[in-house]
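Okay, so here's the structure we're looking at.
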Amino acid sequence: MEAIRLIRQCAKYVAEKPHVFREHAGEDLINVSEDDRIWVKGWFPILFELSCIISRCKLDVRTRALTVMFEIMKNYGESFTQNWWIELFNVVFRIFDNMKLPDTQVEKIEWMTTTCNHALYAIVDVFTQYYDFIPESVV
């Protein structure tokens, strides 16, 4: 849970100091636009790691990670470009990948009634809030 709290703090840092990511690119980002550097070095690693936690951890931890992921989207989504939204939903939709579902029927039922349900409600909430910003290809 401490790691998730730190990830949330990282998101706040990215939102408050995007210039750090624009200006300080490594050699691997020479051909990436300054604005896209914020996504590549800031938002993407945060959201991707939360999706990994959601896919791998026990119920209490994945629920917390899911909540934080969607809080980040709701709180900072207004600064996301349309391309970022496309990549963001690719990360979010990984949560629903059938290959990652638990093996036993009991675990699948638990996952469907908890994590899946929570994620679907949260996605609808984000769609509602940012409908005008989200590209048609995602909708």
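Some values worked out for this structure:
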{"quantity": "Cross-link reach list, lysines versus Lys74, counting only Cα pairs under 16 Å and skipping chain neighbours closer than eight places", "calculated": "Lys12"}
{"quantity": "Calculated FRET efficiency for the pair Leu29/Thr104, C-beta based, R₀ 30 Å, to 0.05", "calculated": "0.10"}
{"quantity": "The chain - charge dipole about Cα centre, Lys and Arg +1 at Cβ, Asp and Glu -1, debye rounded to 20", "calculated": "460 debye"}
{"quantity": "Phi to ³J(HN,Hα) by Karplus 6.51 cos²θ - 1.76 cosθ + 1.60 over region 4-12, Hz, x for Gly, Pro", "calculated": "5, 4, 5, 4, 4, 5, 4, 4, 4"}
{"quantity": "For the chain, with +1 on Lys and Arg beta carbons and -1 on Asp and Glu, the positive-most of Gly77, Thr67, Phe96 along the dipole", "calculated": "Thr67"}
{"quantity": "Nitroxide proxy distance, nm - points 7 Å out along Cα→Cβ at Asn90 and Asp60", "calculated": "3.5 nm"}
{"quantity": "Gain in span if fully extended, Glu71 to Val20, counting 0.36 nm per residue against the direct Cα distance", "calculated": "16.1 nm"}
{"quantity": "Loop-located trypsin sites (Lys or Arg not before Pro) in region 1-67, at most 15 other Cβ atoms within 10 Å (DSSP)", "calculated": "Lys58"}
{"quantity": "Dipole of the chain, positive end: most advanced residue of Gln105, Phe44, Gln129 [Cβ charges, Cα centre]", "calculated": "Gln105"}
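Bear in mind that the values in this text are calculations on the coordinates, not laboratory data. Small disclaimer: the values here were computed from a predicted structure and weren't measured. Reconstructed Cβ throughout: ideal geometry from the backbone, glycine too, with neighbour counts over all protein chains shown.
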